[in-house]
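Asks: First the structure, which I've put down as C-alpha cells, then a few questions once you've had a look.
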Amino acid sequence: MNICQTFICECNNRNYNTKASLTQHRRTKVHIQWENSKELRELKIELTKKDNKILELQVDKKNLQELNLMLMKKITSEVK
C-alpha cells in the first residue's frame, strides 16, 4: 500500500501528482477564466448582501424618524 500526495484543483476537481503540475494548470486560460468567474460571482453575492443591508438600514432610519416625530408631538402637546 503506497501513500502519495495529490493536489486537487477546484475548477475541475482533477488530481495532480505534483505541486508543479498543479501550478502549471493554474496558469492556463481555463483556470484563470474559472477564477475570474468565481470572483465575479462572489462579488455579486457580496454586493447583494450590502444592498440588502443598506435597504434594511434605510427602513430602520425611516421608522426611527417617524417614531421621533411622534414622540416630539406628544411632548409638545403635553407641555401646552
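Asks: Inside the range 22-33, can you point out the residues that are over 16 Å from PHE7 (Cβ atoms) and within 23 Å of the chain's Cα centre (by Cα)?
Replies: Those that are over 16 Å from PHE7 (Cβ atoms) and within 23 Å of the chain's Cα centre (by Cα): ILE32, GLN33.
Asks: Of the residues GLU78, GLU39, only one is assigned to a helix (DSSP H, G or I) and exposed (fewer than 10 other Cβ atoms within 10 Å of the Cβ); which?
Replies: Result: GLU78 is the single residue among GLU78, GLU39 that is assigned to a helix (DSSP H, G or I) and exposed (fewer than 10 other Cβ atoms within 10 Å of the Cβ).
Asks: Right, next: Which of the residues spanning the range 20-36 are outside any loop (DSSP other than H, G, I, E, B), loosely packed, with under 11 Cβ neighbours inside 10 Å and not aliphatic (A, V, I, L, M)?
Replies: Scanning the range 20-36 gives LYS29, ASN36.
Asks: Here's a follow-up. Scan the range 1-26 and report the pairs whose first residue is touching a residue at least 12 places away in the same chain (Cβ under 8 Å) and whose second residue is exposed (fewer than 12 other Cβ atoms within 10 Å of the Cβ) and of a type in the set (D, E, K, R), with Cβ atoms within less than 7 Å and a gap of 6+ or a chain change.
Replies: Correct list of pairs: PHE7/LYS19.
Asks: Filter the range 1-19 for residues that are surrounded by fewer than 10 Cβ atoms within 10 Å (Cβ to Cβ) and hydrophobic (A, V, I, L, M, F, W, C) and give the result.
Replies: MET1, ILE3, CYS4
Asks: Yes or no: GLU66 exposed (fewer than 10 other Cβ atoms within 10 Å of the Cβ), more than 24 Å from the chain's Cα centre (by Cα) and free of Cβ contacts under 8 Å to residues at least 40 places away in the same chain?
Replies: Judged against the criteria, GLU66 is not a match.
Every read-out reported here was derived from the displayed coordinates using simple, explicitly stated rules and does not represent laboratory data. A quick note: this is a predicted structure, and the numbers were derived from the prediction, not measured. All Cβ positions, glycine included, derive from the backbone under ideal geometry; neighbour counts span all protein chains shown.
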